Amino acid sequence: MTYARALAVTLAAALTLTACARQPDAHDESPGGDPPRSRERAAGMPAFSEKLAPMAKGFYDMAWTADGYPGRNNHDGTVYEHPIYPTYVLHDYLEQYAKHPSPKLKAAVRTVAHATVRRLKPFHGALVAWYAPKPGTRHTERRYSALTQSYYAHRLRNAADLLHDRSLRTAARRAFHALTVPADKGGVRYRDRHGTSIAELPQRPNGYVLNGWQSALVSAWKYGEASGDRRAKRLVRASARTMARMLPLYDAPEVANSRYGLTGYTYVRTVGADLRDARVSVPGEGSQGLVRGKGTELWTNHRVGPRQVNLVLSRASLPEPNVLRLDVSGPARVQVQVGEYDPLVSQPPRARWVTVGKVDKGRPRVEVGRDVLDKLAYPTNFVKKIDGRQTNVYHAIHIRNLRELGRITGDERFAKWADRWSRATCRWKEMPVYEGMYVRSNEPGARSVAVSDLCTRTQGGTGWQKFVGE
């Protein structure tokens, strides 16, 4: 990376630090949560495989509770009981057992599975793991995740089959049931004009976070295959059809990338008159007004000043625009703040103001179209620092899961978009914006690949094609 680029990136990061929330993803390790529990560590648990061990020690920083729940080490005598960690450990122990069965591994699967179930809470007939709000992120309310629930359903069912444990079969079924609870009842299943979707991060408007949605469907399908639960396969097929129709909305050809989700937050201001109130309408999803008392939450609509608000907008409405309805004290120009893509931030820098229309008391409506929404529905980033390298894990997850969903459903649209995004990634090595960046699949034990090596012959294999398993 050149000195000029490094300086520019540093300045951009500094200017946008307070405005840019870190994107959660399928393996987000910092979702907030209840206070950590201080316990003695469980002793005698089997070692992890060569795949998981480096990540468990490094990136995940795992530690055991006394009853055998794998959490995150807070280095103060406490363990944060991260909801998704047990799914990694169960997967690892079950894979090890399949290759080299042993009483110790079998006992470990039983310990972790039951420690996990003890922490799940009843909700509309389901068993769920609640995530607490985390300020500054999409996690603005207490919620559970379709991704975590689908992992529970799959892993707990596999553990139940190994152990012939009826209680774990029931827990797996109830973990899956959480995917069917409607969003308007506090669940994760959405039904709108696009069709059926399930959300890694339930919010309004629906964020349609792609990697979490994909991974949840793949795991729900595996649960359905293992259990014979026909509801799972019906849900996956219906939701996959919705996703296939929406894939063009995730394309970011201007940076040869895919989009993380379909929503983004930004500042909106009036020039010439005070802004008394504001409301955003997303066709097909209804409208959202300003939230009172949460003025610092970036992922909520809230007031910033007498002529400025923070609003969450959605690309999911395209080709129709989002509609702003503004209560103003007089005639005013309406401006929205947007910025260009930077791989080292997780939301667009608010670099410039763009006028999107005019309003007055008798004409309170202004439309926000593709030119702005394209800037806000952000492409996958390189914010994660793994092994000291700025690394993109999301784009590879998108491609790999598209191929898996194509195999599951037989829908050729998934392979088409996987091919398109693979070919697009071959352009990264020629694009200055990606200079000095790395990618990896985010699988335990996976290696990072320099962008400069993508789609080229490298020592030990072929760059991108080997990297995504093609």
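Each reported figure results from applying straightforward, stated rules to the coordinates on display, with no laboratory input. On a predicted model such as this, the values are computed, not experimentally measured, just so you know. Note: ideal-geometry Cβ built from the backbone for every residue, glycine included; neighbour counts use all protein chains shown.
What does the C-alpha gyration tensor say about the overall shape of segment 263-376? Classify as rounded when a/c is under 1.5, otherwise prolate if a/b is larger than b/c, or oblate. In terms of gyration-tensor shape, rounded. In terms of its alpha-carbon gyration tensor, segment 403-455 comes out oblate; a/c meets the 1.5 threshold, while b/c is at least as large as a/b.
Computed from the C-beta positions of Arg142 and Lys358 and an R0 of 35 Å, the FRET efficiency is 0.30 to the nearest 0.05. Qualifying trypsin sites (Lys or Arg not before Pro) in segment 266-312, where qualification requires a DSSP coil assignment and no more than 12 other C-beta atoms within 10 Å, comprise Arg292. The dipole here belongs to segment 144-242: it is taken about the Cα centre, uses +1 on the Cβ of Lys and Arg and -1 on the Cβ of Asp and Glu, and is about 340 debye.
Each label point was placed 7 Å from the Cα along the Cα-to-Cβ direction; for Ser49 and Asp161 their separation is 1.6 nm. Modelled this way, with points 7 Å down the Cα-to-C-beta line, the labels at Arg230 and Arg333 are 6.2 nm from one another.
Taking the fewest neighbouring Cβ atoms within 10 Å as the starting point, the ordered list for Met243, Met62 is Met62, Met243.
Spin-label model, Glu412/Lys185: points 7 Å from Cα along the beta carbon direction are separated by 3.9 nm.
Of the listed peptides 47-57, 151-161, 188-198, what is their order by residue-averaged count of other C-beta atoms within 10 Å, with the highest listed first? Don't skip to the answer; put the middle values down first.
Values: 47-57: 16.1, 151-161: 26.5, 188-198: 19.7.
By packing density, highest mean first, the sequence is 151-161, 188-198, 47-57.
What is the calculated FRET efficiency for Glu254 to Arg325, with r their C-beta to C-beta distance and R₀ = 41 Å, to the nearest 0.05?
Numbers: r = 30 Å, r/R0 = 0.73.
The computed FRET efficiency comes out at 0.85.
With the highest mean first, a sort of the peptides 319-331, 169-181 on other beta-carbon atoms found within 10 angstrom per residue produces 169-181, 319-331. Sort out for me the Cα centre separation of segment 200-234 from segment 242-314, rounded to whole Å. Between the Cα centres of segment 200-234 and segment 242-314 lies a distance of 25 Å.
Each residue of segment 265-272 is assigned a 3J(HN,Hα), and the resulting list reads 9, 7, 8, 10, 9, 10, 10, x Hz, derived from the Karplus form 6.51 cos²θ - 1.76 cosθ + 1.60 (θ = phi - 60°), x at Gly and Pro.
For the pair Arg423 and Asp371, what calculated FRET efficiency results from E = 1/(1 + (r/R0)^6), where r is the Cβ-Cβ distance and R0 = 30 Å, to the nearest 0.05? Numbers along the way, then the final one.
On the way: r = 26 Å, r/R0 = 0.86.
So, using R0 = 30 Å, E works out to roughly 0.70.
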